[in-house]
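All of the numbers you see were taken from the coordinates with simple rules; none came from a lab. Worth saying up front: this structure is predicted, and the values here are computed from it rather than measured. All Cβ positions, even for glycine, are placed from backbone atoms using ideal geometry, and neighbour counts span all protein chains on display.
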């Protein structure tokens with residue numbers, strides 16, 4: 001019997017994406033599944049044909065060989081077509097779980113290692129603390145092994161009972177028409193045992209919340225959005241699994257004088273129009289204290305001056321940014337009679353009046 005083109009079987013184009021291949025196969029598997037077509041041999045054959053086509057086209061290497069050499073090319077690498085329902089479930093477990101409501105039956109053992117969950121903490125610090133770094137203690141609430149039941153989940157003096165549905169195996173056999181598969185026991189959820197008298201402290205989970213104080217060192221140069229990772233400070237792992245990590249997200253409070261731009265800090269300094277016209281020396285506040293800055297004659301509003309190395313330390317390197325000073329020329333609003341006369345005389349001398 002001549003095999004049909006796999007692309008024709010799945011009703012897709014030759015340039016179909018992986019998602020399109022999967023989507024088409026899922027539709028055909030739903031349509032021709034023997035449980036939905038009892039006694040229909042033709043539907044069963046179409047189901048097998050679609051499974052074989054998907055097995056080839058979903059595999060990059062097999063698809064490449066098929067595109068170049070057709071069915072003969074697949075025969076050359078030992079591919080013999082439909083591989084049987086057992087292999088279908090091991091290969092396409094995610095699809096069959098979507099279609100039939102159960103997976104390939106991989107049970108989880110209570111003694112299997114499980115890594116602890118990661119935790120998040122949002123830390124608010126000042127602008128100056130962000131610039132130069134700081135240290136602080138924070139309180140973190142997390143789950144750790146219950147000291148009451150020692151992590152077993154059962155009330156002290158009692159023990160879990162063997163699950164009667166799966167006899168402690170953690171798996172049950174489910175039949176679906178012409179095949180049977182092993183699935184996780186819904187009664188014990190793969191544990192193989194059931195806690196009939198749970199611990200009053202942890203409610204049978206084996207873990208209970210505790211508050212732990214963690215010391216944090218915030219490096220110089222962090223900014224809002226920076227993230228610190230403290231390994232092993234998350235929730236405790238189970239059955240020898242690794243502990244989770246604690247992620248500290250930094251939030252920097254704004255400063256009333258400084259504004260940050262990358263590693264530079266900027267500030268605005270008001271000067272009088274006389275200082276702007278004649279030039280002067282002013283005192284400017286920096287992150288490290290006051291600095292004197294020379295303002296030249298004729299300085300206009302918006303003029304900037306730079307103090308090298310007076311900005312934010314680089315987070316991952318040496319050196320610091322700069323401080324950028326922007327001048328704002330203040331215009332007097334309440335002139336007395338003498339001041340007004342002098343200004344008018346100045347205007348006449350300048351040819352403005």
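If R0 is taken as 41 Å, the Cβ-Cβ distance between residue 349 and residue 262 corresponds to a FRET efficiency of 0.35. Here each label is just a point 7 Å from Cα along the line to Cβ, and for residue 148 and residue 31 those points are 5.7 nm apart. Based on alpha carbons, the Rg and Dmax found for the chain are 36.9, 113 Å. Label zone (residue 307, point 7 Å along Cα-to-C-beta; backbone nitrogen cut-off 19 Å) within segment 244-269: 255-269. Applying 1/(1 + (r/R0)^6) with r as the Cβ-Cβ distance of residue 11 and residue 64 and R0 = 25 angstrom yields a FRET efficiency of 0.75.
Determine Rg/Rh for segment 259-350; Rg is computed over alpha-carbon atoms and Rh is the Kirkwood hydrodynamic estimate from the same atoms. Dividing the radius of gyration by the Kirkwood radius yields 1.15. Multiplying each eigenvalue of the alpha-carbon gyration tensor of segment 154-296 by 5 and taking the square root yields semi-axes of 68, 19, 11 Å, largest first, rounded to whole angstroms. Between residue 335 and residue 249, the distance separating the two model label sites (each 7 Å from Cα on the Cα→Cβ line) works out to 5.5 nm. Divided by 2.2 N^0.38 Å, where N counts the residues, the Cα radius of gyration of segment 298-347 comes to 2.00.
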